[in-house]
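So the structure is just underneath, and the comments pick up after that.
Nothing in this text is a laboratory measurement; each read-out follows from the coordinates by a stated rule. These numbers come from a predicted model, not from an experiment. Neighbour counts run over all protein chains shown; Cβ positions are idealised from the backbone, glycine included.
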Amino acid sequence: MAAAQVLRSEWTKIRSVSSTIWTLGLAVVVTIALGMLISILSKNDYDSLDAKDRLTFDPTYISFAGMSLGQLAMIVFGVLVVSNEYSTGMIRTSLAAVPQRATFLFSKIAVATLLAFVVGLVTSFITFFVGQAMLGQYKAQLSDPGVLRAVIGGALYMTLIAVFSMGVATMLRSPMLSLGILMPFFFLISSILGNVSATKKLGRFLPDQAGSRIMQVKSPFDDDTPYGPWGGLAIMVAWVVVALIGGYVLLKKRDA
């Protein structure tokens, strides 16, 4: 089967499964709604900040507070894109139609990645503008230094979270097992390692903590992170590449 046909087939699979579309919609709604709420609370709390905190007040990053829950939906999307075929048994038919496993896997990931990026880009820009509207006189402008990079970075972050989840789901095949590992990894292990002083330096190299730097315009005074926004994104990309390679190697070695 030609690569173009495989891409069209994967697009049909994704849009025909309502759960994947609903999951992307949930990512949009949750990210925007929570970002708006946190922006309102931050505006009301601004007068109580001391001089140091006002200097590092980051209205752009505040508007992206909803990403913490929005990424949950992107994780589910990434897992469903891959594992739906395993749970329904369709994977045998798919691999019979496309025996070249590299073509099969990376066509699926390419289509899902493009979809995730488009959704992430729309979400990121809407989240920014809604959040800044809620912040009022404390808002940032898109033309301010570093702001456009952070907004586009928000879309890249959401996309990479989804692609990382695709790689993990390809390795594990089971949707329940994949979510059972990814959810604690991002929402428990990462938070614990990032907030405990003994493990803080290790935690900053996890994909979500490193990748989220791309959305920051200002850093706290006591920040000693050894990389900047693009360095953090590069670390996240490295995690994603490792997950995809692992998924491909296992897909190639084992039976459907």
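Quick look at the numbers
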| item | result |
| --- | --- |
| Theoretical FRET efficiency, 1/(1+(r/R0)^6), r = Cβ-Cβ of Phe125 and Ser18, R0 22 Å, to 0.05 | 0.30 |
| Net length gained if the chain between Ala238 and Asp144 were fully extended (0.36 nm per residue, minus Cα distance) | 30.9 nm |
| Charge dipole of the chain about the Cα centre (unit charges at C-beta), most positive-ward option of Val122, Gly66, Val241 | Val241 |
| Calculated from backbone phi, Karplus (6.51, -1.76, 1.60) coupling profile of region 163-177 in Hz, x at Gly/Pro | 5, 4, 5, 4, x, 5, 5, 5, 5, 8, 6, 7, x, 5, 5 |
| Segment Leu188-Leu250, length gained on full extension (0.36 nm per residue, minus Cα span) | 19.6 nm |
| Cα→Cβ-extended label distance, 7 Å offset, between Thr93 and Asp47, nm | 6.3 nm |
| Cα-based equivalent ellipsoid of region 116-226: semi-axis lengths in Å, sorted from largest, via gyration tensor | 28, 20, 11 |
| Most mobile of Leu135, Leu37, Leu233 in a GNM of the chain (Cα contacts under 10 Å) | Leu37 |
| Cα centre as origin, Lys/Arg/Asp/Glu Cβ charges: region 3-253 dipole, Debye | 960 debye |
| Surface/4 estimate of mean projected area, convex hull on alpha-carbon atoms of region 3-253, nm² | 13.9 nm² |
| Pairs from Lys139/Lys201; Lys201/Lys252; Lys43/Lys218 whose Cα-Cα separation, in the structure shown, is over 24 Å | Lys139/Lys201; Lys201/Lys252 |
| Peptides ranked, highest mean first, by Cβ atoms within 10 Å: ranges 56-69, 88-101 | 56-69, 88-101 |
| Distant alpha-carbon pairs in region 49-164 (separation over 24 angstrom), percent | 42 percent |
| MRE, 222 nm, helices only [DSSP H, n ≥ 4, -39500 (n - 2.57), over the chain, to nearest 500] | -24500 deg cm²/dmol |
